[in-house]
Amino acid sequence: IERTFSMIKPDATKRNLTGKITAHLEEAGLRVVASKRVHMSLRDAQAFYAEHSERPFFGELTEFMSSGPTVVQVLEGENAIAKNREVMGATNPAEADAGTIRKEYALSLGENSVHGSDAPETAAREIAFWFAERDIAG
Ligand code: GTP
Ligand code: MG
């Protein structure tokens, strides 16, 4: 059984979509084994997205991610990392498949409603960034 890290971004919490997005994840067979709502600081966002620090959109991304509350979650399931990426849909909602979270809810490439880890190493790092092991109940 695999774990991944998921985040419901400020554009989605603002529109009160936490439940609807979580329902997509649960319907795909992913189990929410940890969850909390956090309004991250700019410094948190910069540390969380450090791998993107050289990208031209880094400033825009970190300002957006610290602009309002997010819901950070640990998801568990068979092939949770790949399954979550599938349910999320393409990064750019214009390219996302029908039925995916981003197709349904995302506003733009930047305000794309959700984040999900892309590999086992990033999942481990991102989970540890927000949660202690005792915060997770599988
Ligand atoms: P994540 O699950 O959030 O990591 O998405 P991803 O893996 O599909 O995309 P990637 O890691 O390449 O980029 C991380 C995030 O940066 C994306 O989810 C977007 O919200 C944001 N992003 C990517 N490209 C752009 C861009 O050109 N402009 C802006 N403003 N944001 C971008
Ligand atoms: Mg990514």
Sequence of Phe5, Phe48 once ranked by neighbouring C-beta atoms within 10 Å, starting from the fewest: Phe48, Phe5
Per-residue ³J(HN,Hα) for region 76-91, Karplus 6.51 cos²θ - 1.76 cosθ + 1.60, θ = phi - 60°, Hz, x for Gly and Pro: 10, x, 5, 6, 4, 5, 5, 4, 5, 4, 5, 5, 5, x, 4, 3
Region 2-51: C-alpha pair distances exceeding 15 Å, %: 55 percent
Simple label model, 7 Å out from Cα along Cβ direction - Glu78 to Ala23, nm: 2.5 nm
Rounded to whole Hz, the Karplus (6.51, -1.76, 1.60) HN-Hα couplings of region 46-51, x for glycine and proline: 5, 6, 4, 9, 3, 4
Extension gain, Glu54 back to Glu111 (0.36 nm per residue minus Cα-Cα distance, nm): 18.6 nm
Distance between region 63-77 and region 100-132 - C-alpha centres, whole angstrom: 7 Å
Pairwise label distance in nanometres, Asp135 with Ile1, each label 7 Å out on the Cα-Cβ vector: 2.0 nm
Order of Ser6, Ser41 - criterion: other Cβ atoms within 10 Å of each residue's Cβ, fewest first: Ser41, Ser6
Rough spin-label spacing in nm, given labels placed 7 Å along Cα→Cβ, for Ser41 and Glu121: 2.8 nm
Global geometry of region 28-138, whether rounded, prolate or oblate, following the gyration tensor of its Cα atoms and the 1.5 cut on a/c: oblate
Estimated vicinal HN-Hα couplings, Hz - region 9-23 in sequence order (Karplus 6.51, -1.76, 1.60; Gly, Pro = x): 7, x, 5, 7, 5, 4, 8, 6, 9, 4, x, 5, 5, 4, 4
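Values quoted throughout were computed directly from the atomic coordinates according to the rules given, and no laboratory measurement underlies them. As the structure is a prediction and not an experimental result, all values here were calculated from the model. So basically every Cβ, Gly included, is an ideal-geometry build from the backbone, and we count neighbours across all protein chains shown.
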